[in-house]
1. Scan the range 1-24 for residues that are within 13 Å of the chain's Cα centre (by Cα) and surrounded by fewer than 20 Cβ atoms within 10 Å (Cβ to Cβ) and jot them down.
2. Give the residues of the range 48-85 that are farther than 23 Å from residue 97 by Cβ and loosely packed, with under 13 Cβ neighbours inside 10 Å, sorted by residue number.
3. Please state which one of 47, 30 is assigned to a helix (DSSP H, G or I) and closer than 22 Å to residue 118 by Cα.
4. Only one of 62, 48, 58 is more than 23 Å from residue 19 (Cβ to Cβ) and within 16 Å of the ligand (Cβ to nearest atom); which?
5. For the range 8-28, how many residues meet the condition of being near the ligand (Cβ under 6 Å from one of its atoms), under 20 Å from residue 50 (Cβ atoms) and out of contact with any strand residue (DSSP E or B) (no Cβ under 6 Å at 6 or more places or on another chain)?
6. Can you find even one residue in the range 91-103 that is more than 13 Å from the ligand (Cβ to nearest atom), more than 11 Å from the chain's Cα centre (by Cα) and touching a residue at least 60 places away in the same chain (Cβ under 8 Å)?
7. Does any residue in the range 53-70 that is in contact (Cβ under 8 Å) with a residue 60 or more places away in the chain come within less than 7 Å, Cβ to Cβ, of a residue that is in a loop (DSSP other than H, G, I, E, B) and within 16 Å of the ligand (Cβ to nearest atom) six or more places away or on a different chain, and which pairs are these?
8. Of all residues in the range 85-119 being assigned to a helix (DSSP H, G or I) and out of contact with any helix residue (DSSP H, G or I) (no Cβ under 8 Å at 6 or more places or on another chain), which is nearest to residue 60 (Cα to Cα)?
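What follows draws every value from the coordinates through simple rules; no lab data is involved. Keep in mind that this is a model prediction, so the values were computed, not measured. All Cβ positions, even for glycine, are placed from backbone atoms using ideal geometry, and neighbour counts span all protein chains on display.
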Ligand code: SF4
């Protein structure tokens, strides 16, 4: 007998032009590979935009969290245009603007402090995922 394991899609923007985009990608990987590896999957946003049918079908039928680098919210806009409403959305620049986490400067590679920032964003994503599952279980 197969057992259904519900999954949440964590979709990072592909931001290459600013450090917040790098953080969104690294934080998403930390969630997928470490913090919530059991119950998350991701979607390749460029493939999704290029018409990937499996990606679009997944986002239609499973809850998704968009993790965007900045207020342009490319990931959230793309998902909602082609598949359906995201359940939650995170904007890294908004988290950094709160000032509790220092903004890294290099956009290409994250140094030790940059990885720490990504980990804090990843923990925020993980908390949001837990809330989705709590609601799912109600
Ligand atoms: S949301 Fe911002 S950082 Fe991400 S791809 Fe769009 S413009 Fe780039």
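1. 14
2. Listed by number, the residues that qualify are 50, 51, 53, 54, 57, 60, 61, 81, 85.
3. The unique qualifying residue is 30.
4. 48
5. Looking only at that region, the number is 4.
6. Checked the range 91-103: at least one residue is more than 13 Å from the ligand (Cβ to nearest atom), more than 11 Å from the chain's Cα centre (by Cα) and touching a residue at least 60 places away in the same chain (Cβ under 8 Å).
7. Pairs that qualify, where the first residue is in contact (Cβ under 8 Å) with a residue 60 or more places away in the chain and the partner is in a loop (DSSP other than H, G, I, E, B) and within 16 Å of the ligand (Cβ to nearest atom), are 65/86.
8. 94
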